[in-house]
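> Just passing along the structure, written as structure tokens.
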Amino acid sequence: MASLYERLGGLDAITAVVDSFSARCAGDNRINGKFARTDIPRLQKMLVDQVCEATGGPCTYSGRGMRETHDGMGVTAGEFDALVEDLVTTLDGFEVPKAEQDELLGLLGPMRADIVEVESSETGTPLPETYQAAPALT
Ligand code: HEM
């Protein structure tokens, strides 16, 4: 069977999904406070590389690990679920079939343990002042 990367439509399709997903997250008050100090071009590149590599594409993710990245961010379970919901809405908008969506979510799901720090359904919690954002891409 073709790789998930190919079935999603390759790099152009993944880039378009990440762009649309970022815009949706930016407009979602349940989670957008966390991105207050984020360099968005860096985040978008990192997400494209991560999804491309994880789905069997020809990319190499060069960002920080998921635990290190989200450490001290205070992400709640409710915020994690909100982000996944935004991703599913985005994938539905691109008419990605459910089988491919489930496969992609199956790759991301195990990362939850490294991302969620607060097992609460609360959303819209602020980014702690102490969180060190990654440097912008040069
Ligand atoms: C499976 C789910 C998730 C994945 C795969 C993921 C992936 C990533 C990746 C690849 C980066 C870039 C790392 C780097 O620049 O070195 C990142 C950064 C970030 N993530 Fe996540 N993430 C997820 C869930 C979340 C959730 C639920 C939140 C909060 C609601 C969140 C908030 C952030 C923020 C704010 C940054 C930017 C950090 C900075 O400013 O340096 N992420 N994430």
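The values are calculated or read from the model by the stated rules, or taken from the named source; none is laboratory data. Just so it is clear, the structure is predicted and the values come from calculations on it, not from any experiment. Neighbour counts run over all protein chains shown; Cβ positions are idealised from the backbone, glycine included. All accessible areas refer to the heavy atoms of the entire protein, side chains included, with ligands and DNA or RNA removed. Shrake-Rupley method; radii C 1.70, N 1.55, O 1.52, S 1.80 Å.
> Only residues in the range 92-104 that are at pLDDT 95 or above count as the first member; pair them with residues that are among the small types (Gly, Ala, Ser), Cβ under 8 angstrom, at least 6 apart or cross-chain, and list the lot.
These pairs meet every condition: Gly93/Ser20; Phe94/Ala13; Phe94/Ala16; Phe94/Ser20.
> If we keep just the residues of the range 75-97 that are open to solvent by less than 60 Å² (accessible area, probe 1.4 Å) and charged (D, E, K, R), which is farthest from the ligand (Cβ to nearest atom)?
Going through the qualifying residues, I end up with Asp86.
> State yes or no: is Glu122 under 18 Å from Ser20 (Cα atoms), in a loop (DSSP other than H, G, I, E, B) and open to solvent by 30 Å² or more (accessible area, probe 1.4 Å)?
The answer is no for Glu122.
> Please state which one of Gly109, Gly63, Gly72, Gly57 is assigned to a loop (DSSP other than H, G, I, E, B) and within 8 Å of the ligand (Cβ to nearest atom).
Unique residue meeting the criteria: Gly63.
> So, one more: Of the conditions (1) open to solvent by 30 Å² or more (accessible area, probe 1.4 Å); (2) outside any loop (DSSP other than H, G, I, E, B); (3) basic (Lys, Arg); (4) within 11 Å of the ligand (Cβ to nearest atom), Arg7 fails just one. Which one is it?
Answer for Arg7: the failing condition is (4).
> Does Thr15 qualify as being among the β-branched types (Val, Ile, Thr), more than 12 Å from the chain's Cα centre (by Cα) and in a helix (DSSP H, G or I)?
Answer is yes for this residue.
> Then there's this: For the range 50-67, state whether one or more residues are more than 23 Å from Asp19 (Cβ to Cβ) and in contact (Cβ under 8 Å) with a residue 12 or more places away in the chain.
Yes, there is a match, as at least one residue in the range 50-67 is more than 23 Å from Asp19 (Cβ to Cβ) and in contact (Cβ under 8 Å) with a residue 12 or more places away in the chain.
Each row is one residue, and each column tells you yes or no for (1) small (Gly, Ala, Ser); (2) at pLDDT 95 or above; (3) out of contact with any Ser or Thr (no Cβ under 8 Å at 6 or more places or on another chain); (4) under 28 Å from Glu6 (Cα atoms).
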{"residue": "Gln44", "(1), (2), (3), (4)": "no, yes, no, yes"}
{"residue": "Val48", "(1), (2), (3), (4)": "no, yes, no, yes"}
{"residue": "Thr55", "(1), (2), (3), (4)": "no, yes, no, yes"}
{"residue": "Tyr61", "(1), (2), (3), (4)": "no, yes, yes, yes"}
{"residue": "Met73", "(1), (2), (3), (4)": "no, yes, yes, no"}
{"residue": "Ala77", "(1), (2), (3), (4)": "yes, yes, no, no"}
{"residue": "Leu83", "(1), (2), (3), (4)": "no, yes, yes, yes"}
{"residue": "Asp86", "(1), (2), (3), (4)": "no, yes, yes, yes"}
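> Going through the range 24-54 one residue at a time, which ones are near the ligand (Cβ under 6 Å from one of its atoms) and of a type outside the set (Lys, Arg)?
Answer for the range 24-54, where residues must be near the ligand (Cβ under 6 Å from one of its atoms) and of a type outside the set (Lys, Arg): Ile31, Phe35, Thr38, Leu43, Met46, Leu47, Gln50.
> Could you list, in sequence order, the residues of the range 14-43 that are touching a Phe, Trp or Tyr at 6+ places or on another chain (Cβ under 9 Å) and open to solvent by 30 Å² or more (accessible area, probe 1.4 Å)?
Matches in the range 14-43: Ala16, Ser20, Ala26, Arg37, Leu43.
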